[in-house]
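Have a look at the structure below, then the notes.
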Amino acid sequence: DTAVSQTPKYLVTQMGNDKSIKCEQNLGHDTMYWYKQDSKKFLKIMFSYNNKELIINETVPNRFSPKSPDKAHLNLHINSLELGDSAVYFCASSQAGGKETQYFGPGTRLLVL
Amino acid sequence: GENVEQHPSTLSVQEGDSAVIKCTYSDSASNYFPWYKQELGKRPQLIIDIRSNVGEKKDQRIAVTLNKTAKHFSLHITETQPEDSAVYFCAASNAGNMLTFGGGTRLMVKP
């Protein structure tokens, strides 16, 4: 029974392309997040959505656009991919905001060539 | 915003020894402090957390302590085992409900 799932698991693409990563949670949580983990393993929040509304939008280039069709899904679309976008992207969810346990998805390893 | 610093960045211990990882935070309004463990190639998973109304919390071989005055908190793992080898992240959640992670500690337990 998968709690937080992401697709695809791996994504290899050329610079300049547009790509999307999908995330779904079946925990009934209200809040979902996107994190970026770089090659040095540093975890940094990108976006947070609560009940389909954007709550947190850290300093992220506007080439990154999150979309939440319903509270169980939070997708990430990236335009004009750059080499520096190569990282592992984790989706996560929690019951209510940042003071509850966050459950992470398996991650999407993005490699931009 | 919140800034969380974590030390050491790498820690190597012998099986059976204790391991201690320390974190400091900057925002005095932060009141929730979780610790996550990330095994190689896997997702981060919560192992223990502490809230600001508590000074210490234990769960079997792991414990976390919090000093709100000094704005630091620590993870203690006793009787380490090879399966404890992983990257450990501390984090702090401030009034804005945003979780800020420390830089991570790579723990290696040598059999």
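The values are calculated or read from the model by the stated rules, or taken from the named source; none is laboratory data. Nothing here was measured: the structure is a model prediction, and the numbers come from that model. Every residue, glycine as well, gets a Cβ built from its backbone with ideal geometry; the counts of neighbours run over all protein chains shown.
Against the test of being surrounded by 13 or more Cβ atoms within 10 Å (Cβ to Cβ) and under 13 Å from the mean Cα position of the chain (by Cα), the options A:Leu74, A:Leu81 yield a single qualifying residue, A:Leu74. Conditions first: (1) among the small types (Gly, Ala, Ser); (2) touching a strand residue (DSSP E or B) at 6+ places or on another chain (Cβ under 8 Å); (3) on the phi > 0 side of the Ramachandran plot. A:Ser68 passes all but one, so which condition is the exception? For A:Ser68, the failing item is (3). For the stretch B:54-111, the set of residues classified as of a type in the set (Asp, Glu) and under 30 Å from A:Lys36 (Cβ atoms) consists of B:Asp59, B:Glu83, B:Asp84, listed by residue number. Considering only residues that are hydroxyl-bearing (Ser, Thr, Tyr), surrounded by fewer than 18 Cβ atoms within 10 Å (Cβ to Cβ) and out of contact with any Asp or Glu (no Cβ under 7 Å at 6 or more places or on another chain), which ones fall in the stretch B:17-60? Selection gives B:Ser18, B:Ser28, B:Ser52. Filtering the stretch B:81-93 to residues that are within 8 Å of chain A (Cβ to nearest Cβ) and either at pLDDT 95 or above or surrounded by fewer than 21 Cβ atoms within 10 Å (Cβ to Cβ) (or both) leaves B:Val87, B:Phe89.
With respect to the conditions (1) part of a strand (DSSP E or B); (2) modelled with pLDDT of 95 or more, B:Arg43 lacks only one, and its number is (1). If you filter the stretch B:94-105 down to residues that are more than 8 Å from chain A (Cβ to nearest Cβ) and either outside any loop (DSSP other than H, G, I, E, B) or at pLDDT 95 or above (or both), you find that the one that is surrounded by the fewest Cβ atoms within 10 Å (Cβ to Cβ) is B:Thr105.
Listed here are the residues, each with its yes/no results for (1) of a type in the set (Asp, Glu); (2) within 13 Å of chain A (Cβ to nearest Cβ).
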site	(1), (2)
B:Gln38	no, yes
B:Lys42	no, yes
B:Arg51	no, yes
B:Asp59	yes, no
B:Thr69	no, no
B:Glu79	yes, no
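Check whether at least one residue in the stretch A:6-29 is buried (at least 19 other Cβ atoms within 10 Å of the Cβ) and basic (Lys, Arg), and report yes or no. There is no residue in the stretch A:6-29 that is buried (at least 19 other Cβ atoms within 10 Å of the Cβ) and basic (Lys, Arg). Of the residues A:Phe104, A:Phe64, the single one that is closer than 23 Å to A:Gly16 by Cβ and either in contact (Cβ under 8 Å) with a residue 12 or more places away in the chain or within 14 Å of the chain's Cα centre (by Cα) (or both) is A:Phe64.
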